[in-house]
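Readers should treat all values here as calculations from the given coordinates under stated rules, not as data from a laboratory. Predicted, not measured: the structure shown is a model, and the values here were computed from it. Using ideal geometry, Cβ is built from the backbone for each residue, glycine included, and neighbour counts are taken over all protein chains shown.
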Amino acid sequence: MTELRREDFGDDFTWGVAHAAYQVEGAWDADDKGPSIWDTFTHGGGRVFDKTNGDVATDFYHRYPEDLALVRAMGFDAQRFSISWPRVLPDGVGRVSTKGLDFYSRVVDTCLELGIEPWVTLYHWDLPEALHRRGGWANRDSVEWFGELADAVVGRLGDRVTRWMVFNEPGTFLPFGYLLGGHAPGVRSLRRFQAAVHHVGLAQGRGAAAIRAAAPGASVGTTHIFTPPDVAGDRPRHRRAARAFDAAMNRVYVEPSLGLGYPMDDAPLLRGIERYVRGSDEADLVVDWDFLGVQYYQRFAVAAAPVPGLRFVPLFRKDHKRFDITAMGWEVDPTGLSDVLRTVHGYGKVPELFVTENGAAYPDHLVDGRVHDVRRTAYYRDHLAEVARARREGVPVHGYFCWSYCDNFEWAAGLRPRFGLVHVDYETQRRTVKDSGYWFSRLLGGTVTPG
Ligand code: FCB
């Protein structure tokens, strides 16, 4: 394949890295910060694969100047980060912590001084524990609670931040947090899941309105994970299964805000959600997005389930001959990225798309100050080639954010999976640029070189 060039993506293309508060900040109880559901979940024991937690993580709370300087030196011009709700509102609502807001204000200023555009996500999964005790997203009051957070954050940062994302991947934190229980807050209930789906949809509208009100010139979006199905066979029942998978995994979370309603016919998972829908809700779910953030990690092969009542089974092919498989067990198929970009563009509802996350964990080895992460570099090269292809076809994709700048706390999988372009030694907090980081630095005209 021919070498990728920055020019192939045009001058107005945003090159960024992404992270989430809980995964990097550490300082879990510093200053005024209240506990989040992830603090409770990780301290509860046994629920994180390697029994680690985000108490310290990569200590971004204290090391952000060093980290942002390295992001810039690697040639990136944007940093996507999220706000820890309980750092800003320790009890979830009411008292606003000036110290919490000051921290994010300093991060924004540091970005701007370095020539990095700050891209802010209002919610990347760390709900205040105090609000979980009141039912969390399953309580309809969460719409107003979230409104308070949005007002406080945009009120303080909206004079400098022009790119906002309301949520990160409702399609992950809702099913894993409220239905399957593998993520915080560890709830397993179909009813509470359905209630939470609806309230997060309404909160999304409330959050977007808060941004428009406090930062009128800003560009407002949100992010979704897309996991496209491959049909595992040519029988109609397999095609129906793939359709059901697509509805349950992707469309449920994306379509209501685009004015398309819930995909009730294809997603039996939602049967009963009507009980949470009131008056003007359907209209309130709709948002006039400036952009959507597309996040892609893997496809699934999907087959018809042999069990009556179940519509599909995702197949874990683990076909090492056809696919590279990451340390998360995810199959690497770059063509899925251009597919999802086409699909989202196909809705015809959103003017701009950005890949707000894409990346891979591999078992890295730090030897003599180097990490030769050849597979990660290939991963990025091949996915970026698909982005370039989508652009050539006319899909308006205007930027790409790597997940992630540095290794960090990977939720229920703990500290073990390493997703970074920069290696972190968790004992010493020492950062070491991996070969994939040097690759980006070369591509983007950065100044970081191996030596
Ligand atoms: C995404 C999450 C992100 C990170 C990556 C690997 O689903 O948004 O926080 O964990 O996966």
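Summary table
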{"read-out": "Pairwise Cα inverse-distance average, inverted: Kirkwood Rh of segment 187-329 (Å)", "value": "17.1"}
{"read-out": "Only Lys, Arg (+1) and Asp, Glu (-1) charged, at Cβ; segment 6-444 dipole about Cα centre in debye", "value": "1360"}
{"read-out": "Scaled radius of gyration (Cα, divided by 2.2 N^0.38 Å) that segment 6-444 gives", "value": "0.92"}
{"read-out": "Under 12 Å, Cβ to Cβ, from G217 - net charge with Lys/Arg +1 and Asp/Glu -1", "value": "+1"}
{"read-out": "Magnitude of the charge dipole, segment 164-297, Cβ model with Lys/Arg +1 and Asp/Glu -1, debye to 20", "value": "520"}
{"read-out": "Which of T58, W15, G171, positive extreme of dipole for the chain (C-beta unit charges)", "value": "G171"}
{"read-out": "FRET efficiency for S189 and T449, using Cβ-Cβ distance with R0 set to 60 Å, rounded to 0.05", "value": "0.70"}
{"read-out": "Ranked by how many other beta carbons lie within 10 Å on average, peptides 256-267, 321-332 from highest", "value": "256-267, 321-332"}
{"read-out": "Local electrostatic count, V254, Cβ distance below 12 Å [Lys/Arg +1, Asp/Glu -1]", "value": "-1"}
{"read-out": "Mean-position separation - Cα centroids, segment 108-124 and segment 258-333, in angstrom", "value": "30"}
